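First up is the structure itself, then whatever we jot down about it.
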C-alpha cells in the first residue's frame, strides 16, 4: 500500500478539495467512517480508492476493509493528513472514494415511493432518507434544488439509508408524473383531508416539500389526495418536514400491517 | 432611540459576544428575526433590549416591534453591525435580548409530557420541541447534557414552539421520576412492545434518548412501558430520534382523537 506523508502530494490535495464539496452529479464523493465504507463494500463492491490512517491500519475493522480492496487502490496517509479529510472531528481512520450510482428514471413507477420537492436542509434530507428506508420504501426521487444526497451531512444523517434505497437525483418531478402508476399524495395545510379520516392507498407516491414554501403548486394541483396532519395549530403553524413524513409514512405502514383496521 | 455606528461600542461588543453563545442557565440570549421577537412580545412582554437595523426601521413589521418596546430599551445599529449579530446570513433586521424563563420543577406531574434524555443535536432538539407543541404537549423536561433550548439553532428549528411549551432545562431526570403521576414510557429496541400492539396511555411521560446511545439504562429500567416502532430492520438499524418521537406522539394523539379505535 502506498504511504503518503506530504500535504503537497497531488493525490492528497485532490482528496482534501473533494472532502469539502457536496458531490456534483456523477462525480466521486468521499464516504467517511467505518460504517459507510462497510455498507458501500456490501452493496457496491470495491471503491475507486480506499484511504486509511496509517496509524490505525492494525485496527480489526479497518484491517478488514483494507483486505477487501485491491492493494493498488489503497492509500495510507499520515494521521494529520487523514484528519483533514474527515467530515467530523473524530475521524474514524478510513474513507472511501466512490462514484455514487446515477440511475435512469424507470419507464413506469408501480411501487410505493417518495418525492422530495426542493428540501433544502441536508439534515432533513438525510433524516427523510432514513425514515423512508425504515418505512420500507425502496425508491425515492429528489427534485433539482434538493440537497445533494451523497454530501457528507446527508450521508451522516442518513445512517446507511442510502444503501437500502434507489435514489434518483436531479429529477424534474413534473416530467416524472406521467410515469406514476400509483396515486400522487401530497401534504398540504389548505383544502386537505385529515390523515386519519380514511384509508390511505396501499401504494402511492408521497411528495414532501420545501421547508418554507411546502409542496410546489403544480404538484399540489396534480395530487390525487391532499393530506393534512391534525395538530395543535394554536401552538405551532406546521411540523418539520421530516417529522411530517415520518407520521405519514408510518401511518400508511400501520394501516397496511393491520389490514386497514 | 440610541443609534450606534461603532463596532467598538461596549454595548455592541457585548451583544456580538452573546450572539455566538449557546445560552447558559438564566443568562440572557438573543432572539433573531421578526417571528421570534413577535412571539416573545406576545407571550412574555417587552424584552430586556430590542436591537434594530437602522436602515430597516421603517419596515412595517419592524416599526411595529419598535413601537411595542420602551424607547430607552431600543438600540439602532448600522446595518453592518446588525449583520454581525444575526444567526443566519439573511438577518431580518431585528433581535431581542431576553432572559428565558427558568421554571421550578412542579411538585407533581399529572399531564402528558416529554423527557429529553441527553439529545445532542440542536436541530433534533428544536424539531422535537416543535413536534411536542404540535402534538398538544404542554410541558417538557430537558436533562442535563441536552442541547440548550434557547440557543440560536434550537430556536430556529423550534419555529416558535418555545412559546407554546413550559420548558424545564438542566433537569436531573432521576430526581424527576418520583414526581411523575403518569406512567413513564420509553422507546427501546430490545424487549419492547410494538407501538401498535395495544392502547397507549392517554397521558404519560415519554422519554426519548441520546442519538447514539438511546435512553439511559436507569430510565429504561424505570419505564412502565417500553415501546418499539416496527420498521424495516434490514434497511436501517433505527430511526432518527425526532422521527421516532413524531411517530409515537402522533400515534398517541390518533388513538386519543379516535377514542382508541
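Given 37 °C and 0.692 mPa s, compute D for segment B:112-156 with the Stokes-Einstein relation, Rh being the Kirkwood radius over Cα pairs; round to the nearest whole µm²/s. After rounding, the answer is 317 µm²/s.
Using the Stokes-Einstein relation with a Kirkwood hydrodynamic radius computed over Cα pairs, the translational diffusion coefficient of segment A:55-141 at 10 °C and a viscosity of 1.306 mPa s comes to 96 µm²/s. Ranking of B:78, A:53 by neighbouring Cβ atoms within 10 Å, starting from the fewest: B:78, A:53. At each listed q (0.05, 0.11, 0.12 Å⁻¹), what is the log10 of I(q)/I(0) that the Debye formula gives for the protein assembly as shown modelled as equal alpha-carbon point scatterers? Normalising to I(0) and taking log10 leaves -0.22, -1.08, -1.23.
Taken over the Cα atoms of segment B:59-110, the convex hull encloses 166 Å³ per residue. Annotation: segment A:2-98 has a Kirkwood hydrodynamic radius of 13.2 angstrom, from the mean reciprocal C-alpha pair distance. Of the residues A:248, A:228, the one with the fewest other Cβ atoms within 10 Å heads the list, and the complete ranking is A:228, A:248. The mean of 1/r over all pairs of different alpha-carbon atoms in chain B, once inverted, gives a Kirkwood hydrodynamic radius of 19.8 Å.
Length, then width, then depth: along the principal axes, the Cα atoms of segment A:196-261 run 35, 29, 19 Å.
Size of segment B:113-257: Rg and Dmax of its alpha carbons, in Å, are 14.1, 40.
Listing A:254, B:130, A:203 from fewest to most neighbouring C-beta atoms within 10 Å gives A:203, A:254, B:130.
Every number here is computed from the coordinates shown, using simple stated rules; none is lab data. The shown structure was predicted, so the numbers you read here are calculated from the model rather than taken from an experiment. Here the Cβ is made from the backbone with ideal geometry for all residues, glycine too, and neighbour counts use every protein chain on show.
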